[in-house]
Amino acid sequence: MFPSARAVTPEILDTLDAGHPEAVRSRRDLRRLDWFLGGSRWIVRSVLDKGREAGAGVVEIGAGGGRVCEILAASVPAAPVTGLDLADRPAGLNPRVHWERGDLFQTLPDAGGGIVVGSLILHHFSEAELRVLGGMLVRFRVLVFSEPLRTPWSLGLSRLARPFVGSVTRHDMPASILAGFQTGELASLLGLDNRVWRISEVARFTGVLRFKAWRDSSIR
């Protein structure tokens with residue numbers, strides 16, 4: 001039976017050295033999956049739709065290889081762009097992108113801007129960690145996240161993809177989905193006050209939850 005509650009378990013990619021062949025293969029798998037799922041494209045479009053808030057700066061948490069930061073730096077040339085990740089700054093990253101390496105809970109409080117974005121990052125955290133993270137995110141005006149949708153359909157799609165990905169991704173895909181979110185969960189887990197925040201959630205047939213939250217313009 002499909003579990004109704006989230007189950008956060010370690011993912012293999014998080015334990016591998018960046019240069020490990022299986023880690024390299026898994027990151028390549030993730031880029032292909034992102035192209036198919038359209039997560040990065042949707043995040044960039046969402047930022048462009050909030051141009052005024054973007055002008056104050058855009059922060060990506062779990063910035064990984066820096067691809068989204070690169071696109072944002074080119075798409076919103078007047079906005080400061082910051083990437084936060086445990087990994088070192090990617091080689092050749094646009095010099096306009098400010099990069100902070102370290103634990104998110106230590107680096108995020110010092111990051112400023114109008115918008116926070118993230119792709120496949122929030123599902124890594126427990127309920128307690130999400131509540132702490134939410135307390136940090138409320139300093140921003142717009143939140144944009146693409147996360148695994150926790151449904152039997154999503155799990156079935158991950159099984160169909162198994163022949164086309166490496167062993168690490170084969171393990172991590174279902175783990176990500178079981179740690180993912182259903183509609184109506186994420187705002188509550190982050191502790192977002194519905195009197196302050198407007199929420200938009202779209203469950204995609206591709207197994208992705210697209211979540212946006214923005215402060216009510218009448219509330220300063």
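The values are calculated or read from the model by the stated rules, or taken from the named source; none is laboratory data. Everything quoted here is computed from the prediction, not taken from an experiment. Note that each Cβ is placed from the backbone with ideal geometry, even for glycine, and that neighbours are counted across all protein chains shown.
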Is there a residue being of a type outside the set (D, E, K, R), within 21 Å of residue 200 (Cα to Cα), buried (at least 17 other Cβ atoms within 10 Å of the Cβ) and within 17 Å of the chain's Cα centre (by Cα) anywhere in the stretch 101-113? yes
Being over 17 Å from residue 30 (Cβ atoms) and buried (at least 18 other Cβ atoms within 10 Å of the Cβ) is true for just one of 208, 117, 132, 142. Which residue is that? 142
Whichever residue in the stretch 89-138 is among the hydroxyl-bearing types (Ser, Thr, Tyr) and touching a residue at least 40 places away in the same chain (Cβ under 8 Å) and, among such residues, is farthest from residue 78 (Cα to Cα): 126
Could you identify the single residue in 119, 188 that is polar (S, T, N, Q) and touching a helix residue (DSSP H, G or I) at 6+ places or on another chain (Cβ under 8 Å)? 119
Scanning the stretch 120-129 residue by residue, those more than 20 Å from residue 32 (Cβ to Cβ) and surrounded by fewer than 22 Cβ atoms within 10 Å (Cβ to Cβ) turn out to be 124, 125, 126, 127, 128, 129
Quick check on residue 155: is it part of a helix (DSSP H, G or I), on the phi < 0 side of the Ramachandran plot, surrounded by 16 or more Cβ atoms within 10 Å (Cβ to Cβ) and at pLDDT 95 or above? no
Unique match (being at pLDDT 85 or above and either among the acidic types (Asp, Glu) or within 21 Å of residue 201 (Cβ to Cβ) (or both)) among 37, 48, 30: 48
Near pairs, Cβ below 8 angstrom, 6+ apart or cross-chain, from the stretch 1-30 (within 26 Å of residue 128 (Cβ to Cβ)) to any residue that is surrounded by 10 or more Cβ atoms within 10 Å (Cβ to Cβ) and of a type in the set (Phe, Trp, Tyr): 6/181; 8/125
Taking helices (runs of 4 or more DSSP H) that do not extend beyond the stretch 1-92, which have at least 3 residues that are surrounded by fewer than 18 Cβ atoms within 10 Å (Cβ to Cβ)? 21-37, 39-49, 67-75
Return yes when residue 139 is modelled with pLDDT under 95, charged (D, E, K, R) and within 16 Å of residue 192 (Cβ to Cβ) and no when it is not. yes
Picking from 191, 207, which residue would you name as being within 28 Å of residue 49 (Cα to Cα) and modelled with pLDDT of 95 or more? 191
